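The values are calculated or read from the model by the stated rules, or taken from the named source; none is laboratory data. As the structure is a computational prediction, the values presented were derived from the model and not from experiment. Neighbour counts are summed over all protein chains in view; Cβ atoms, including those assigned to glycine, are modelled from backbone coordinates with ideal geometry.
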Amino acid sequence: PLPPVSVLGLGMMGGALAAALLRAGHPVTVWNRSAAKTGPLVAQGATPAGTVTDAVAASPLVIVCFTTNDDVTEALAGVDLTGRTLVNLTNGTPAQARDLAARAGKQGAAYIDGGIMAVPQMIATPAAYILYSGDERAYETHRPTLAALGGTRWTGTDPGRAALHDLSLLTGMYGMVIGVAQAFALIRTENVTATEFAEPLHAWVSAMLSGLIPEMATAVDSGQHLTDVSSLGINQAAFRNFLTTYDDQGVSPELFVPFQKLLDRSVEEGHAADGLSRLADLLKK
Ligand code: NDP
């Protein structure tokens, strides 16, 4: 028989995690603050626990997925975690992960932090993976079980590493989201629908990104930012046209004003001949 797992937190994500473990054949104990959410999982074969303590006692592996890490600290305060491995898949900061690892250690548990690179519907599909960091021995022990949730990617023994990778990947995504939101807002000022514009926008952004990411990475790591493709000087001059057009067309420039400021600073500080990769260096405080 497969090892038992307890899942604390049955929101959209925690519910998907518990269901995937059940489908894989694990005995699963579930706990949720509002007990009603255990119903569908119990119908799928899970055992409900009345308290966090009961849920923790039921399995050597305890997976937690709450809204914030403050909720995790609160729910686990004073709970005996002796001999357990706590896998915290709640979104949080690297500092919070290190703090929770220290707390879990004092309460007797091995701690693994995780960042879920998927939406609930993707859990247990080949497209989903989870970043992990913290107690490596506990990770190796439980990796076959964690694999039921999606791909497993180890990032290091510093418990904060998974969150750092998670937030860095999501930063790239949010950067893309603000660009797409601004592009739709701008094109719709002239009665072009977002649906009509989606295909050319997707093609353009995809083509740009697939070249840009590896080229910028090479430049950032080597410190060789000089470019014969597109200089900061020319981008700085052109970007004024963007801000002016947003204004002319009645679109808020709020997301892009800071980008103009950074381009201005790059030129003021003497980097006009460098490529956009220089911006990654200039952002370092
Ligand atoms: P939901 O809002 O659906 O669920 C939140 C869960 O946290 C509920 O089970 C809720 O219990 C529980 N909770 C909140 N506060 C407390 C507390 N103080 N004590 C005990 N339980 C508490 O959110 P999601 O499931 O979508 O997200 C959960 C985590 O997963 C978040 O950190 C999120 O960032 C992360 N995540 C989510 C993704 C997604 O696409 N949904 C993708 C990747 C990561 P109750 O039912 O009683 O309110």
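Numbers at a glance
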item: Elements of type strands (runs of 3 or more DSSP E) in the stretch 1-111, at least 1 residues being within 11 Å of the ligand (Cβ to nearest atom) and under 22 Å from LEU170 (Cα atoms); result: 61-64, 85-88
item: Hey, LEU255 surrounded by fewer than 17 Cβ atoms within 10 Å (Cβ to Cβ), in contact (Cβ under 8 Å) with a residue 40 or more places away in the chain, hydrophobic (A, V, I, L, M, F, W, C) and over 17 Å from LEU226 (Cβ atoms) or not; result: yes
item: Filter result (within 25 Å of SER34 (Cα to Cα), within 17 Å of the chain's Cα centre (by Cα) and hydrophobic (A, V, I, L, M, F, W, C)) within the stretch 67-96; result: VAL87, LEU89
item: Test for THR53: is it more than 20 Å from ALA104 (Cα to Cα), of a type in the set (S, T, N, Q), surrounded by fewer than 22 Cβ atoms within 10 Å (Cβ to Cβ) and over 28 Å from the mean Cα position of the chain (by Cα); result: no
item: Scan of the stretch 145-172 for residues that are of a type in the set (Gly, Ala, Ser), in contact with a helix residue (DSSP H, G or I) (Cβ under 6 Å, 6 or more places away or on another chain) and closer than 12 Å to ASP113 by Cα, ordered by number; result: GLY160, ALA163
item: Subset of the stretch 8-45 (residues that are under 17 Å from ALA118 (Cα atoms) and in contact with a helix residue (DSSP H, G or I) (Cβ under 7 Å, 6 or more places away or on another chain)); result: LEU10, MET12, MET13, GLY15, ALA16, LEU17, ALA18, ALA19, ALA20, LEU21
item: Near pairs, Cβ below 7 angstrom, 6+ apart or cross-chain, from the stretch 71-84 (within 20 Å of GLY14 (Cα to Cα) and in the same structural domain as GLY11 (by TED's automatic domain parsing)) to any residue that is of a type in the set (Ser, Thr, Tyr) and within 12 Å of the ligand (Cβ to nearest atom); result: VAL72/THR90
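This table checks each residue for (1) at positive phi; (2) of a type in the set (Asp, Glu).
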{"position": "ALA95", "(1), (2)": "no, no"}
{"position": "PRO120", "(1), (2)": "no, no"}
{"position": "GLY150", "(1), (2)": "yes, no"}
{"position": "ARG153", "(1), (2)": "no, no"}
{"position": "GLY160", "(1), (2)": "no, no"}
{"position": "ASP166", "(1), (2)": "no, yes"}
{"position": "PHE184", "(1), (2)": "no, no"}
{"position": "ILE187", "(1), (2)": "no, no"}
